[in-house]
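Visitor: Below is the structure I would like to discuss, written out as structure tokens.
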Amino acid sequence: MKFLIVGDLHGRIPKIHFKEFDAIIVPGDICSDKGMRKYVGLWKKHIKKTKEIISSDEYILKLIGRKKYNQIEKESLLIGRKTLEFLNKFNKPIFFTPGNWDQSHGTTNIKDSSKSRYNRLKSNLDMYLSKHSNKILTQGLKNVKDCQYKLHKFGNFNIIGYGLCSGPEKPNGNQGLTFKEQTKLKKAYNKILNRLVALHKRRNRDFTDIFISHNVPYKTKVDIILEKDNPFYKKHFGSSIAAEFCKKNQPLVCIGGHMHEHFAKCKLGKTTVINAGFGPKVNTLLEIKNNKIKSIKFWDGKNEFQ
């Protein structure tokens, strides 16, 4: 079985290099960043200068207001929809997990993440609990399989998806958190992990496991931030949920993106981790045969390599 994998597209239609494939994997961030990217840049500069813990969403809302914010998100969604419509025309199954740009987040009762570290952490965990992708992206597209917290049995494969995550879900230390807050965070974190574990228990044990996570696993070679103006420069910023899931369940392959600095593979225990890269020119072709990876081919827009 050959899987075509496209990287984070951020509103751009992918250029397909590999012509023979049986299915397509899209690990998220298909919606456009055109209207919002400059404000994200201002947020990065703000928190680097002030050390304020405000989320990017809240900072941008305060900066431009709800009306303009909603209009930008609406336009972004429609552009993301065009990407899935383009891929749908190949008439191959498309396994899609939403990225943090794809407006598929869950709801949270905490509105002001800048008030405390607990508010920010709990708000993120609540948003990651969304049970499905935004319907504007997927509705009516017969080949698109929404993988958000879902198990799809395809051929001889179990495909499990977990999207949205943009950083480590597990708090790094308990500084400034009360015991009650720590307990609530642990409960919310375990709710995510347990939901994935429950899906994994329903798998066909004779099939090969593929795990699609928007963000790559935490503390791997493909999750280090290399962008110098980023406040988290040189730090690992992958998903701790994805890392725990892979370490415990050892799927054959974990496919993610989010970390634009990397377009490569690495190992996490027995699991091969693929960072699908960034932009419309990058493609990856994964070939699996007899429960083993036969080959992984990368195309960076100019060269093909393994």
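Visitor: Filter the range 265-295 down to residues that are assigned to a strand (DSSP E or B), hydrophobic (A, V, I, L, M, F, W, C) and within 15 Å of Asn215 (Cβ to Cβ), then give me how many there are.
Guide: 5
Visitor: Same structure again: Which of (1) touching a strand residue (DSSP E or B) at 6+ places or on another chain (Cβ under 8 Å); (2) surrounded by fewer than 17 Cβ atoms within 10 Å (Cβ to Cβ); (3) more than 13 Å from Gly161 (Cβ to Cβ) is the odd one out, the single condition Lys135 does not satisfy?
Guide: (1)
Visitor: Any chance the range 170-177 includes a residue that's farther than 26 Å from Cys266 by Cβ, surrounded by fewer than 17 Cβ atoms within 10 Å (Cβ to Cβ), touching a Phe, Trp or Tyr at 6+ places or on another chain (Cβ under 8 Å) and not aliphatic (A, V, I, L, M)?
Guide: yes
Visitor: Taking the options Ala188, Ala198, name whichever one is outside any loop (DSSP other than H, G, I, E, B), free of Cβ contacts under 8 Å to residues at least 40 places away in the same chain and aliphatic (A, V, I, L, M).
Guide: Numbers: Ala188 fails: free of Cβ contacts under 8 Å to residues at least 40 places away in the same chain.
Answer to the check: Ala198.
Visitor: Check Gln250 against each of (1) under 24 Å from Lys48 (Cα atoms); (2) surrounded by fewer than 22 Cβ atoms within 10 Å (Cβ to Cβ) and name the one condition it does not meet.
Guide: Of the numbered conditions (1) under 24 Å from Lys48 (Cα atoms); (2) surrounded by fewer than 22 Cβ atoms within 10 Å (Cβ to Cβ), the odd one out for Gln250 is (1).
Visitor: Can you go through Asn215, Asn194, Asn190 and tell me which one is within 15 Å of the chain's Cα centre (by Cα) and under 25 Å from Asn119 (Cα atoms)?
Guide: Residue meeting the stated conditions: Asn215.
Visitor: Please determine, by comparing only the residues of the range 162-177 that are more than 21 Å from the chain's Cα centre (by Cα) and touching a residue at least 40 places away in the same chain (Cβ under 8 Å), which one is nearest to Lys131 (Cα to Cα).
Guide: Within the range 162-177, the match that is nearest to Lys131 (Cα to Cα) is Leu177.
Visitor: Of the residues that sit in the range 25-60 and are of a type outside the set (Phe, Trp, Tyr) and touching a Phe, Trp or Tyr at 6+ places or on another chain (Cβ under 7 Å), which one is surrounded by the fewest Cβ atoms within 10 Å (Cβ to Cβ)?
Guide: First pass over the range 25-60, keeping only residues of a type outside the set (Phe, Trp, Tyr): 25-38, 40-42, 44-58, 60.
Next cut, touching a Phe, Trp or Tyr at 6+ places or on another chain (Cβ under 7 Å) only: 25-26, 29, 31, 33, 46, 56, 60.
Details: Ile25: 26, Val26: 32, Asp29: 28, Cys31: 29, Asp33: 18, His46: 16, Ser56: 18, Ile60: 20.
Going through the qualifying residues, I end up with His46.
Visitor: I'm told Ser123 meets every condition in (1) in contact with a strand residue (DSSP E or B) (Cβ under 6 Å, 6 or more places away or on another chain); (2) modelled with pLDDT under 95 except one. Can you identify the failing condition by its number?
Guide: Against the list (1) in contact with a strand residue (DSSP E or B) (Cβ under 6 Å, 6 or more places away or on another chain); (2) modelled with pLDDT under 95, Ser123 comes up short only on (1).
The values are calculated or read from the model by the stated rules, or taken from the named source; none is laboratory data. It should be emphasised that the depicted structure is a prediction, and the values quoted were computed from it without experimental measurement. Cβ: placed from backbone, ideal geometry, glycine included. Neighbour counts: every protein chain shown.
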